[in-house]
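Comments concern the structure below.
The values are calculated or read from the model by the stated rules, or taken from the named source; none is laboratory data. Since the model is a prediction, treat every value here as computed from it, not as a measurement. Methodologically, a virtual Cβ is constructed for each residue, glycine included, from the backbone with ideal geometry; neighbour enumeration extends over all protein chains shown.
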Amino acid sequence: MTRVAFVDAPAGCAGDMFLGALVDAGLPLAVLEEVVDGLGLDGVELRVTHVERGAIRATKVDVCKDGRPIEGADDVHGHEGHGHGRTLADVVAALERLGEITAPPLDKAAHTFRLLADAEARVHGKQPTDVHFHEVGAVDALVDVAGTCVGLHHLGVEAVHVSPLPWSRGTVETQHGTLPLPAPATAILLEGHPTAASEETYEQVTPTGAALVRALAVGSRPPDGFVPRATGFGAGSYDRSRLPNVVRLVLGDVTATAGRDEALLLETNLDDVTGQVVAYTVERLLAAGALDAWWTAVTMKKGRPGVVLSALARPEDAATVENVLFRETPTLGVRRRRVERRVLQRSMGEVNTPWGLVRVKVRDAPGGHCATPEYEDCRRIAEQHGVPLREVIEAAVRAWAHP
């Protein structure tokens, strides 16, 4: 069984809405309170209330500073400059203070902030290291991002799918003045994720919400065989929208069975791109939901060196993945070919190494069960403890083989 979270967000999403939905779906508030304590944020606490948004009862989670909710701080807009604020390094350092309680999801939380910093840097023509998050906004976003990643891990979620998000109209007021919606950083973070036109004129998707979706989502619809188990509704602050301003989070299971499924192989030939562009495009393809992405060196017409850029995608994600190829490369066309795969049964687990927990992917191969440690977990541990990566990998395999 694989635990999957499907986030249904036709009215949009923000960091506090994710927290509310998780608590409403069964996440103990104590888990989030432990996150706040671990971040070392003085005077910060959580306040949980039950509210109505339209005809739906939902859970509202507010991050409070000195007893008062931090109003509107989820709309984090980084800024270059020399004023007050937290840098990306400051934020990552705060996340690392969480220690072992977030060992597996720590990378996802840090990755979310890196995406946010990258987007703000693109908007303002700066480097990500020059981006400063508003001091108050950074506090709220730290709790939202870390709480969401830790909460999903606590509930055993191995994959997150997020529905198409609304592309709203109107404007938003920021420290940079009046900006069109979606906010510039939000629009960048939504690249590769399906959207739907909206008539609403308020900020339905915040930068923090978009960054979480970009970092966590592997698809835009529930996977085949999805069996719902629990549902939670997280409320946003705005309560006058046409749709109830809530995020619906559905926890469910997917039985990983050996068998065959179909996918689409998308390919394009390129002879006028740099290696950096190819590598970046592969990353974007995977972020857009590709099952796999790779490139192959080839010789093209007139003896020119080139590459074949390939991506494997589920049929429902093929259009999104294909759009990445058109957006990130100068290709004039993409080939499509339907392929059949034999898929082995697989599951996720955790093992304890001398340096901390490591996730392992267990597959039911013809010769028996095999386990592969998650590379990102092993790399993080190797960097934090100054041990060779291969030793961490070997220790994780031994821990799985001899529990």
Which number in (1) buried (at least 17 other Cβ atoms within 10 Å of the Cβ); (2) outside any strand (DSSP E or B); (3) among the polar types (S, T, N, Q) marks the one condition that Asn323 misses? (1)
Per the list (1) more than 30 Å from Asp271 (Cα to Cα); (2) out of contact with any Leu (no Cβ under 8 Å at 6 or more places or on another chain); (3) among the basic types (Lys, Arg), residue check on Arg327 breaks on (1)
Scope the range 285-306; condition surrounded by fewer than 21 Cβ atoms within 10 Å (Cβ to Cβ) and either touching a helix residue (DSSP H, G or I) at 6+ places or on another chain (Cβ under 9 Å) or in a helix (DSSP H, G or I) (or both); matching residues: Leu286, Ala287, Leu291, Asp292, Trp294, Trp295, Lys301, Lys302, Gly303
Of the numbered conditions (1) small (Gly, Ala, Ser); (2) out of contact with any Ser or Thr (no Cβ under 7 Å at 6 or more places or on another chain); (3) on the phi < 0 side of the Ramachandran plot, Gly234 satisfies every one except a single condition; which is it? (2)
Would you confirm, using the coordinates I've provided, whether Leu243 is within 18 Å of the chain's Cα centre (by Cα) and under 28 Å from Val51 (Cβ atoms)? no
Specify the residue that is modelled with the highest pLDDT; the eligible residues are those in the range 50-86 that are touching a Phe, Trp or Tyr at 6+ places or on another chain (Cβ under 7 Å) and in a loop (DSSP other than H, G, I, E, B). Gly85
Return yes when Glu316 is under 25 Å from His193 (Cα atoms) and free of Cβ contacts under 8 Å to residues at least 40 places away in the same chain and no when it is not. no
Quick check: is even one residue across the range 134-157 surrounded by 22 or more Cβ atoms within 10 Å (Cβ to Cβ), part of a strand (DSSP E or B) and β-branched (Val, Ile, Thr)? no
Considering only the range 286-309, state which residues are under 12 Å from Val218 (Cβ atoms) and among the hydrophobic types (A, V, I, L, M, F, W, C). Leu286, Ala287, Ala288, Ala290, Leu291
Enumeration of residues in the range 350-403 that are assigned to a helix (DSSP H, G or I) and aliphatic (A, V, I, L, M): Ile381, Ala382, Leu389, Val392, Ile393, Ala395, Ala396, Val397, Ala399, Ala401
Surrounded by 13 or more Cβ atoms within 10 Å (Cβ to Cβ) and modelled with pLDDT under 90, is that true of Val362? yes
Apart from one, (1) in a strand (DSSP E or B); (2) in contact with a helix residue (DSSP H, G or I) (Cβ under 6 Å, 6 or more places away or on another chain) all hold for Glu173; the odd one out is (2)
Hey, any hits in the range 258-272 for a residue that's closer than 30 Å to Arg3 by Cβ, surrounded by 18 or more Cβ atoms within 10 Å (Cβ to Cβ) and of a type in the set (Lys, Arg)? no
